Amino acid sequence: MLDHLNYRADQIQTVPQNYRFWLHLGQTVGICLCAMAMGLVMINELHQEELLTIPITILSAIIFEWYTHRYALHRAFPGLRKIHELHIQHHMMFHHDTIQVSNEREYQFVLLPAFGMALLIAIIGVINFIFAQFMSSNVAWLAFATQAGCVLYYELAHLSFHLPLTHPLMYLLKYFCPLKQHHVDHHNPAIGSNWNFGITNSWSDRIFGTKWKP
């Protein structure tokens, strides 16, 4: 426990003194909201059957979340080693019994970096641009807006698991509370590398057989 807390204290010192949580959160949320708005504005004369894009995209995002978390974040694959290292750093800082943020600068290790969020949204945009060559532009833009919404949902869910219970945002994010223990168990060093990879849901772990059962 002492080594874990010392590591956490050391990492906090690497964050600039002028770091502001609300600015960081505003940047990541703002990027997602702008992407969602752009996708919706670009839709023209939407047909009813094109609305099927929304549930299909959400389902795909949930599966992608599970696979990315289990394999890209918890396995050191070539080309993804830096992402893996950052995720392991996150786990080393927040254990199951110390999962709540206790210092404002610790949010730097909870939220996605603004640049990383912008890059992720840009990659999603490029992928949808490619798909737009084979389907209607409405489907591509609706998928883009939905995917940006899924990223935002993920970011807020994950943040809620690390917020102190008395934080003002918990009033807005209390919807995610039923999933918190699922994520807390994932941060248990004894089991975290093999169980509970879902962030926005727990049923993906039930389906893929990675739901922790004490």
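Tabulated data
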{"quantity": "Extension gain from Thr166 to Asn103, taking 0.36 nm per residue of separation minus the Cα-Cα distance", "calculated": "21.3 nm"}
{"quantity": "Angle in degrees between helix 81-93 and the longest Cα principal axis of the chain, rounded to the nearest 10", "calculated": "50"}
{"quantity": "Dipole-positive endmost among Phe64, Gln27, Trp195 within the chain (Cβ charges, Cα centre)", "calculated": "Trp195"}
{"quantity": "Sum of -39500 (n - 2.57) over DSSP H runs of 4+, divided by residues of the chain (222 nm, nearest 500)", "calculated": "-18000 deg cm²/dmol"}
{"quantity": "Candidates Asn44, Asn138, Asn18, ranked by Gaussian network fluctuation over the chain, Cα under 10 Å, top entry", "calculated": "Asn18"}
{"quantity": "Separation in nanometres of the label points that stand 7 Å from Cα toward Cβ, at Asn18 and Asp3", "calculated": "3.7"}
{"quantity": "Rounded to the nearest 20 debye, dipole of the range 1-140 from Cβ charges on Lys, Arg, Asp, Glu", "calculated": "340"}
{"quantity": "Cα-based equivalent ellipsoid, the range 1-64: semi-axes from gyration tensor eigenvalues, Å", "calculated": "41, 18, 6"}
{"quantity": "Net charge, Ser204 excluded, C-beta distance under 14 Å - Lys, Arg +1, Asp, Glu -1", "calculated": "+1"}
{"quantity": "Cα-derived Rg over Rh, computed across the range 1-152 with Rh taken as Kirkwood radius", "calculated": "1.05"}
{"quantity": "Length-normalised contact order for the chain - Cα pairs under 8 Å, 6+ apart - percent", "calculated": "30"}
{"quantity": "Packing-based exposure ordering (other Cβ within 10 Å, fewest first) of Lys82, Lys213, Lys180, Lys174", "calculated": "Lys213, Lys82, Lys174, Lys180"}
{"quantity": "The range 86-214 - charge dipole about Cα centre, Lys and Arg +1 at Cβ, Asp and Glu -1, debye rounded to 20", "calculated": "260"}
{"quantity": "Angle between the chain longest axis and helix 53-67 axis [Cα atoms, degrees, rounded to 10]", "calculated": "30"}
{"quantity": "Under 25 Å from the Cα of Lys180 - lysines, other chains or at least 8 residues apart", "calculated": "Lys211, Lys213"}
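Values in this text are rule-based calculations from the coordinates and carry no lab data. Note that the coordinates shown come from a computational prediction; the quantities given were computed from them, not determined experimentally. Glycine gets a Cβ as well: all are built from the backbone with ideal geometry, and neighbour counts include every protein chain shown.
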